[in-house]
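Student: I have a structure here, written as structure tokens, and I will follow up with some questions on it.
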Amino acid sequence: MAFLLAHLSDAHIGPIPRPSLRELAGKRLTGYANWINKRAQAHDMGLLGRLVEDMAAQKPDHVAMTGDIVNIGLDAEIEAARLWLSGLGSPENVSFTPGNHDAYVPAAVPRIAETFAPWTTSEEGAGFPYLRRRGGVALIGLDSAVPTAPFVASGRLGAEQREKLAALLDKTKAEGLARVVLLHHPPHRGGAKALRGLDDAAELEAIIARHGAELILHGHNHKISLHRLPGAHGETPVVGAASASAKAGAHYPRAAYNLYSIEREGDKILISARSRGLGADGETIEELDALAL
């Protein structure tokens, strides 16, 4: 029986609660100005709610949320995001990886880690990468979120995460599991604009080339995308998700989420993908073009 995995990203839960002057110190000042001038008009929480309702109607076995759940890392934002993530399902059935907005300032990093720990629990000990085995699938979550300077949205895994990832890929391959890697930033070179990419993408590409994976899912770019990386046993599809709250007429594509059907047929793992999202009328949630994995 196929395992159905839903993937959504970049919810950017809003509106941002009015911050104090003290809270606006540093990078938060530019981020708050950006929210008022642009992002507040681009992200629609009512639309996000309808998208989540539609996703629930598909009855996925598990949901992956790949980051940017908040905007500038305020405590009040993080609490609102926790309540929203709780609405997607129990931590047993929902996995989370943080994005650059979740690590907007250094002070937000431990708060995010503590608040969303139930959705990042691992069967291999605390911390990232985590491993969650579900229905013949190994969900391996990476943390690419690091605090950066204003106007920089890049990410980094670091040597320790990469080393542990390689070991988990080998271990779960030996167990016969379909290995699905989750992270926020695109995992390949050229996957994002300057100052927005994964700093150690070349090293991650090399790991996939040596150890393989069946699927890599990411967010960050606010659009559905498909890339392929050379893997140990053939190409690995890399799929990006749109922002789950982007309304029609925004400067990036309309809100959507992706669905992946994963099943084993003999010694092969078969994966098919499709997308559902906001239609051209700006109201209807409908089936979009299939992703040819």
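The values are calculated or read from the model by the stated rules, or taken from the named source; none is laboratory data. Being a predicted model, the structure only gives us computed values, none of them experimental. Note: ideal-geometry Cβ built from the backbone for every residue, glycine included; neighbour counts use all protein chains shown.
Student: Just to confirm my filter: which helices (runs of 4 or more DSSP H) fall fully inside the range 1-88 and include at least 1 residues that are at pLDDT 95 or above?
Tutor: On the way: elements: 27-34, 45-57, 75-88.
Output list reads 45-57, 75-88.
Student: How many residues are without any contact (Cβ under 8 Å) to a residue 40 or more places away in the chain and closer than 26 Å to LYS38 by Cα if we restrict to the range 243-282?
Tutor: Matching residues across the range 243-282 total 8.
Student: Every residue in the range 65-95 that is of a type in the set (Gly, Ala, Ser) and under 10 Å from ILE13 (Cα atoms), please.
Tutor: Pass one, the range 65-95, residues of a type in the set (Gly, Ala, Ser): 67, 73, 76, 80-81, 86-87, 89-90, 95.
Hits for the range 65-95 are ALA80, ALA81.
Student: Moving to a separate point now. Report yes if GLU77 is of a type in the set (D, E, K, R), surrounded by 14 or more Cβ atoms within 10 Å (Cβ to Cβ) and in contact with an Asp or Glu (Cβ under 9 Å, 6 or more places away or on another chain), otherwise no. Write out each step before concluding.
Tutor: Values: of a type in the set (D, E, K, R): yes; surrounded by 14 or more Cβ atoms within 10 Å (Cβ to Cβ): yes; in contact with an Asp or Glu (Cβ under 9 Å, 6 or more places away or on another chain): no.
No; evaluated as a whole, the condition is false for this residue.
Student: Here are some residues: ALA159, ALA108, ALA174, ALA166. Which one is among the hydrophobic types (A, V, I, L, M, F, W, C) and touching a Lys or Arg at 6+ places or on another chain (Cβ under 8 Å)?
Tutor: On the way: ALA159 fails: touching a Lys or Arg at 6+ places or on another chain (Cβ under 8 Å); ALA108 fails: touching a Lys or Arg at 6+ places or on another chain (Cβ under 8 Å); ALA174 fails: touching a Lys or Arg at 6+ places or on another chain (Cβ under 8 Å).
Exactly one residue qualifies, and that residue is ALA166.
Student: If you don't mind, there's one more thing I want to ask. Can you find, within the range 28-40, the residue that is nearest to GLY73 (Cα to Cα) among those that are out of contact with any Gly (no Cβ under 9 Å at 6 or more places or on another chain) and not aliphatic (A, V, I, L, M)? Please lay out each step first, then the result.
Tutor: Quick first cut of the range 28-40, residues out of contact with any Gly (no Cβ under 9 Å at 6 or more places or on another chain) only: 29-30, 32-34, 36-38.
Filter once more, keeping what is not aliphatic (A, V, I, L, M): 30, 32, 34, 37-38.
Working: THR30: 13, TYR32: 10, ASN34: 14, ASN37: 18, LYS38: 18 Å.
By that ranking, first place goes to TYR32.
Student: Find the strands (runs of 3 or more DSSP E) located wholly in the range 191-293 whose residues include 3 or more that are among the aliphatic types (A, V, I, L, M), and list them. Show your work before the answer.
Tutor: Working: elements: 215-218, 225-231, 234-240, 256-265, 268-278, 285-287.
It comes to 215-218, 256-265, 268-278.
Student: Kindly check whether there is at least one residue in the range 182-190 that is over 20 Å from GLY67 (Cβ atoms) and crowded, with 20+ Cβ neighbours inside 10 Å.
Tutor: no
Student: Collect the residues in the range 80-108 that are over 18 Å from ARG132 (Cβ atoms) and buried (at least 21 other Cβ atoms within 10 Å of the Cβ), keeping them in residue-number order.
Tutor: Start the filter on the range 80-108 by keeping residues that are over 18 Å from ARG132 (Cβ atoms), which leaves 80-84, 87, 99-108.
Across the range 80-108, the qualifying residues are ALA81, GLY99, ASN100, HIS101, ASP102, ALA103, TYR104, ALA108.
Student: For LEU217, state whether it is touching a Leu at 6+ places or on another chain (Cβ under 9 Å), within 25 Å of PRO129 (Cα to Cα) and of a type in the set (A, V, I, L, M, F, W, C). Even if it seems obvious, please write down each step before you answer.
Tutor: Values: touching a Leu at 6+ places or on another chain (Cβ under 9 Å): yes; within 25 Å of PRO129 (Cα to Cα): yes; of a type in the set (A, V, I, L, M, F, W, C): yes.
The answer is yes for LEU217.
Student: Related question: Can you name the residue in the range 119-138 that is outside any helix (DSSP H, G or I) and among the aromatic types (Phe, Trp, Tyr) and, of all such residues, is surrounded by the fewest Cβ atoms within 10 Å (Cβ to Cβ)?
Tutor: Quick first cut of the range 119-138, residues outside any helix (DSSP H, G or I) only: 120-138.
Those still in the list that are among the aromatic types (Phe, Trp, Tyr) too: 128, 130.
On the way: PHE128: 22, TYR130: 24.
Only one residue fits best here, namely PHE128.
Student: I would also like to ask the following. Is it the case that the range 105-118 has a residue that's closer than 24 Å to LEU4 by Cβ and either free of Cβ contacts under 8 Å to residues at least 60 places away in the same chain or outside any strand (DSSP E or B) (or both)? Reasoning before the result, please.
Tutor: Initially, the range 105-118 is screened for residues closer than 24 Å to LEU4 by Cβ, giving 116, 118.
Imposing the further condition that a residue be either free of Cβ contacts under 8 Å to residues at least 60 places away in the same chain or outside any strand (DSSP E or B) (or both) reduces the set to 116, 118.
For the range 105-118, residues closer than 24 Å to LEU4 by Cβ and either free of Cβ contacts under 8 Å to residues at least 60 places away in the same chain or outside any strand (DSSP E or B) (or both): present.
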